[in-house]
Structure formats: structure tokens, C-alpha cells
Amino acid sequence: MQALESLFSQFVAASSPADAAHDLAHVRRVVKTAKRLCDLESACAEVVVPAAWLHDCVTLAKDDPSRSQSSRMAADKAIAFLKRIDYPLQYHDAIHHAIHAHSFSARVIPETLEAKIVQDADRLDALGAIGVARCLQVGTTLGRPLYHAEDPFCQHREADDSRYTLDHFKQKLFTLADTMQTAAAREEARRRTRVMQDFLDQLAQEI
């Protein structure tokens with residue numbers, strides 16, 4: 001598998017990420033988390049590992065009108081690549097599904113344990129300290145102000161993360177813990193969510 005992972009890494013490195021938050025470092029963190037969850041859940045590594053490596057081989061910007069199709073496009077591209085390197089055919093459908101289902105915007109329900117693990121691993125990387133950093137990276141790329149001047153934390157208005165970066169915490173990030181599919185991911189997601197809340201509490205004091 002190590003030789004294959006080197007091929008996966010090279011393939012992903014040659015892809016163009018939509019933003020700095022979806023770079024090769026993000027993929028490597030997702031792979032690391034997915035492997036841990038795979039071991040804990042006794043899942044099929046032959047599906048989980050390539051799906052985790054290739055889940056973002058196509059990424060579209062957050063404000064791209066085709067964003068919801070990004071994971072399907074990644075799944076199609078990943079399978080074409082796996083065919084070229086003669087990866088065992090019996091895993092292709094499961095890998096395709098795991099990649100397609102990982103995306104929040106695609107709204108595809110993961111139907112296999114392996115797909116649930118890849119989705120959990122990707123969503124965990126949106127939480128905690130790294131989640132804060134990635135959220136700020138995306139907001140900066142899109143040129144959005146950090147917060148609403150009069151109501152930074154959406155106390156008297158609806159969150160709108162298409163306008164303000166911090167609104168993404170309330171609109172999406174703080175909902176992710178409840179979407180985790182595996183017990184280990186739920187526990188880790190709750191811990192990371194507390195880290196993010198601590199960040200916002202400190203930010204509120206400074207503002």
C-alpha cells in the first residue's frame with residue numbers, strides 16, 4: 001500500500017486546489033484521520049485509503065455555482081486514475097461512493113462504513129484549531145470581511161457566510177459534530193468544537 005500511496009500523493013499534488021484550505025496538507029490530515037477511524041471501525045482499508053487520498057482531486061471554489069457537483073467530479077476523476085494504475089476493480093464502486101458522499105454540499109448519504117469514515121475524516125478537518133485556520137483561509141481567498149461590525153456573532157441576525165467569514169461557524173461548522181457517523185469521530189468533533197468556541201469567546205473579548 002505504501003507504493004500506491006506515493007502514487008496517490010503525486011496524483012493529488014498535480015491537481016489544482018480551489019484554495020489554500022484544500023491543499024495537499026489537508027488531504028494528508030484526512031488520510032491520517034481516516035486510517036485511524038478505519039482501524040477503530042475494522043473497515044476496508046482498500047476502500048478507505050484511496051478514497052481519502054483522492055477525495056479532493058477535484059475541488060471547486062466555495063462560491064462556484066457548480067460546487068455541489070465537485071465531489072462527483074472528484075469521484076469520476078479518481079476512478080479514471082485508479083483504472084490507469086490497475087487498482088483492483090472490485091473496490092472501484094465503493095471508492096466512488098465514498099468520495100461522492102464525503103462532501104457537505106453534495107448532500108449524498110453515505111451508505112457504507114467506508115464512506116462514513118471518509119466523510120467523518122474530512123469533516124473533522126473543518127473543526128478545531130485547523131478548522132479555524134482553514135475557515136479564515138477560505139474567507140480571505142473569497143475577499144470576505146471577517147465579521148459584521150455591529151453584530152459579529154449573529155446574536156440579532158441570521159448568519160450569512162456568503163458575506164462574513166465568522167458567520168460560517170454558526171451556519172455550518174458548529175453543526176458538524178451532530179453529523180458525524182462514527183462514535184470516535186463524534187467524540188473528537190465535540191472536543192474540537194469546544195476549541196473553536198473558546199477561540200470565538202476570546203475573539204469576542206478582543207473585539
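The values are calculated or read from the model by the stated rules, or taken from the named source; none is laboratory data. The model shown is predicted, which means the values in this text are computed figures rather than measured ones. Ideal geometry is used to build each Cβ from the backbone, glycine not excepted, and the neighbour counts take in all protein chains shown. When the accessible area is computed, the model is the full protein with side chains, heavy atoms only, and any ligands, DNA or RNA have been set aside. Shrake-Rupley method; radii C 1.70, N 1.55, O 1.52, S 1.80 Å.
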Being loosely packed, with under 14 Cβ neighbours inside 10 Å and under 16 Å from the mean Cα position of the chain (by Cα): is that true of ALA133 here? yes
Any idea how many residues of the range 54-88 are among the basic types (Lys, Arg), touching a Ser or Thr at 6+ places or on another chain (Cβ under 6 Å) and within 16 Å of GLN119 (Cα to Cα)? 0
If I filter the range 184-192 for residues that are open to solvent by less than 30 Å² (accessible area, probe 1.4 Å), more than 27 Å from ASP64 (Cβ to Cβ) and in contact (Cβ under 8 Å) with a residue 60 or more places away in the chain, do I get at least one hit? yes
Note: among ASP64, ASP56, ASP19, ASP39, just one is acidic (Asp, Glu) and surrounded by 19 or more Cβ atoms within 10 Å (Cβ to Cβ), namely ASP56
Looking at the range 36-87, which of its residues are among the basic types (Lys, Arg) and at pLDDT below 95? LYS62, ARG67, ARG72
Assuming ALA51 fulfils every condition listed in (1) open to solvent by 20 Å² or more (accessible area, probe 1.4 Å); (2) under 21 Å from GLU114 (Cα atoms) apart from one, which condition is it? (1)
Complete set of residues in the range 108-130 that are open to solvent by less than 10 Å² (accessible area, probe 1.4 Å) and under 15 Å from ALA183 (Cα atoms): ALA115, ILE117, VAL118, GLN119, ASP120, ALA121, LEU124
Quick one: would you say GLY139 is free of Cβ contacts under 8 Å to residues at least 60 places away in the same chain, more than 30 Å from ASP39 (Cβ to Cβ) and surrounded by fewer than 19 Cβ atoms within 10 Å (Cβ to Cβ)? no
Given (1) β-branched (Val, Ile, Thr); (2) touching a Ser or Thr at 6+ places or on another chain (Cβ under 8 Å); (3) touching a residue at least 60 places away in the same chain (Cβ under 8 Å), where does ILE99 come up short, assuming only one miss? (3)
How about the range 1-104: which helices (runs of 4 or more DSSP H) wholly inside it have at least 2 residues that are of a type in the set (Phe, Trp, Tyr)? 2-13
